[in-house]
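Colleague: Sharing a structure with you now.
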There are 2 protein chains.
Amino acid sequence: MTRGRPRDTAIEGRLLAAAAEELRRGGYEGLSIDRVAERAGVAKTTLYRRWASKAELVVALIASMREEIPFEPSDDPRGDLTTLVVTIAAGLSSTPTSLIADLAAASARDPRVGESVRALWADRHGAVTAVVAKAQQAGIVLSHVAPAVLVDQLVGPLYYRLLVTGEPLTPDYARTLMLSVLGPEESP
Amino acid sequence: MTRGRPRDTAIEGRLLAAAAEELRRGGYEGLSIDRVAERAGVAKTTLYRRWASKAELVVALIASMREEIPFEPSDDPRGDLTTLVVTIAAGLSSTPTSLIADLAAASARDPRVGESVRALWADRHGAVTAVVAKAQQAGIVLSHVAPAVLVDQLVGPLYYRLLVTGEPLTPDYARTLMLSVLGPEESP
DNA sequence: TTATTTACGCTACCGCCGTAGCGTAAATGC
DNA sequence: GCATTTACGCTACGGCGGTAGCGTAAATAA
């Protein structure tokens, strides 16, 4: 088949495991490529044959650790949206802020990293967009503004608080965002 | 008065000027402390006696370059808000994205840097908050949501697009955000 | 078996941020 | 004048991310 010496398939897993431990201990900043390679029992050059940069390694690591959000849309778009936004807020605030910020910085520097990072959040944001569109069709959202904008106004403030103002992301805050975008619930 | 050899007051200005040139050429990442010191004709240690890190140097530089937003609130809160949000969006998108992202990352790592960075945006965000509160008092905004949340939903999406989704910040987008938060204008 | 191709380990290196230590310059207090 | 204090320049260093080059190991093709 392929010509030369095959890649040692066990190495990638060992590197990711070593990187996970490093990330857990010292965050993005404290993760040292040299230590990851040493911990995995591998030369640093071997690591760089798999990922082109520290950022790409970390993105691959996060992608490998990530579990899907189990989300089943119900007949209650308002409740669904609340669940989603609260879940996203919880996920963000349980992740070290500096990690999110460093990924954003790496994304800004390297478009390829940016693509990978956006793919990490894509499922969550896609789910929110779908539910918002559904709510709008059902007449629950009165606004005629494009769903993408409403999503930005639900999710954007979470990142804004996290990365810019440093304020906490509480479930209450997420629910307040919801209220503000959807308007008060009509009593039936 | 003070006992020892006095600081050379000219050095700080030369360092900031050198840093500005470096930042202009290569952005945050391309700004090298060694080169800044060399360009200013000063030892690197002298630079570190003034700012504790590259991040603090850059924050001080931006603070020194920053001009106030000339903003005079009129009797038209809706127009004022539009102006403010469009201006903020323009300012953000005219700044290199990586600079904003790197400042956010530095803020997450070092709380002192975070304080300084937040102070950079404070005037803009304060102005927005003031106008939003005024609009709410005037009954222009129907929502009873706290002004701070509305501000987050006006400004947060800008940072969100810039740092996370990578979408452009057009004046139209800013106006759409406004529309979504304030609701459609009532015809008089 | 032999040539070729690819992977791996190793060493050395570059530029980077940030720190330590030391000699010296410039000010004040006596 | 003289001790003290602070600023400055300089050198050296450590750890970092990332790259280049080389010898060698492991596979395939002939």
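The values are calculated or read from the model by the stated rules, or taken from the named source; none is laboratory data. Fair warning: this is a prediction, and the values are worked out from it, not measured in the lab. Cβ sites come from the backbone with ideal geometry, for glycine too, and all protein chains shown count toward neighbours. All accessible areas refer to the heavy atoms of the entire protein, side chains included, with ligands and DNA or RNA removed. Shrake-Rupley method; radii C 1.70, N 1.55, O 1.52, S 1.80 Å.
Colleague: Just counting partner chain Cβ atoms within 10 Å, what average do the residues of peptide A:93-100 show around their Cβ? Kindly include the intermediate steps, with their values, before the conclusion.
Modeller: Details: counts 0, 0, 0, 1, 6, 7, 2, 5.
Partner Cβ neighbours, averaged per residue: 3.
Colleague: Compute the signed sum of charges (Lys and Arg +1, Asp and Glu -1) over the other residues within less than 15 Å, Cβ to Cβ, of A:Ala10. List each step's numbers first, then the result.
Modeller: Working: positive: A:Arg5, A:Arg7, A:Arg14, A:Arg39, A:Arg49, A:Arg50; negative: A:Asp8, A:Glu12.
Residues near A:Ala10 contribute +4 overall.
Colleague: Continuing with this model, one more query. Two-decimal Rg/Rh of region A:114-188 from alpha-carbon positions, Kirkwood Rh? Walk me through the intermediate numbers first.
Modeller: Details: Rg = 13.5 Å, Rh = 13.5 Å.
Here the Rg-to-Rh quotient is 1.00.
Colleague: Dipole size in debye (nearest 20) for region A:9-64 around its Cα centre, Lys and Arg Cβ +1, Asp and Glu Cβ -1?
Modeller: Details: 9 positive and 7 negative charges, 18 e Å.
The dipole magnitude comes to about 80 debye.
Colleague: Hey, got the Cα dimensions of region A:1-149 along the principal axes, in Å, largest first?
Modeller: Cα extents, longest axis first: 60, 41, 27 Å.
Colleague: While we're looking at this one, here's another question. Express the accessible area of chain A per residue in Å², computed with a 1.4 Å probe while the remaining protein chains stay in the model. It would help to have the intermediate numbers written out before the result.
Modeller: Numbers: 9810 Å² over 188 residues.
The answer is 52 Å² per residue.
Colleague: Could you give the angle, 0 to 90 degrees to the nearest 10, between helix A:9-30's Cα long axis and the longest principal axis of the Cα atoms of chain A?
Modeller: That helix lies at roughly 60 degrees to the long axis.
Colleague: Related question: Per residue of A:164-172, count partner chain C-beta atoms within 10 Å of its C-beta, then hand back the mean as an integer. Can you show the working numbers first?
Modeller: Numbers: counts 16, 12, 8, 2, 0, 0, 0, 0, 0.
Across A:164-172, the average partner-chain Cβ count within 10 Å equals 4.
Colleague: Got a number for the accessible area of A:Lys54? Probe 1.4 Å, square angstrom, nearest 10.
Modeller: Near enough 50 Å² of accessible area.
Colleague: I'd like the carbon and sulfur percentage of the solvent accessible area for chain B, probe radius 1.4 Å, heavy atoms only, ligands and nucleic acids excluded.
Modeller: Details: 5200 of 9770 Å².
Taking all protein chains in place, chain B shows 53 percent carbon and sulfur surface.
Colleague: Summing both sides, how much accessible area is buried between A and B? Use a 1.4 Å probe and give Å² to the nearest 100. Don't skip to the end; give the middle numbers.
Modeller: Numbers: alone 11180 and 11150 Å², together 19580 Å².
It comes to approximately 2700 Å² buried between A and B.
Colleague: By the scheme Lys and Arg +1, Asp and Glu -1, what is the net charge of all other residues having a beta-carbon under 13 Å from that of B:Ser53? Could you put the intermediate results ahead of the total?
Modeller: Numbers: positive: B:Lys44, B:Arg49, B:Arg50, B:Lys54, B:Arg109, B:Arg112; negative: A:Glu29, B:Glu56, B:Asp102, B:Asp110.
In short, +2.
Colleague: Here is a further query. Hey, what number do you get for the protein assembly as shown at 222 nm if only DSSP H runs of n ≥ 4 count, each worth -39500 (n - 2.57), divided across all residues, to the nearest 500?
Modeller: So the helix-based figure for the protein assembly as shown works out to -22500 deg cm²/dmol.
Colleague: Further, regarding this structure: Once the protein assembly as shown is represented by equal point scatterers at the alpha-carbon sites, with solvent omitted, what log10 I(q)/I(0) does the Debye formula produce at q = 0.07, 0.09, 0.11 Å⁻¹?
Modeller: The computed values of log10 I(q)/I(0) come out as -0.38, -0.62, -0.87.
Colleague: On average, how many beta carbons from a partner chain sit within 10 Å of the beta carbon of a residue in A:126-136?
Modeller: Numbers: counts 0, 0, 0, 0, 0, 0, 0, 0, 0, 0, 0.
Taking the mean over all residues of the peptide, I get 0.
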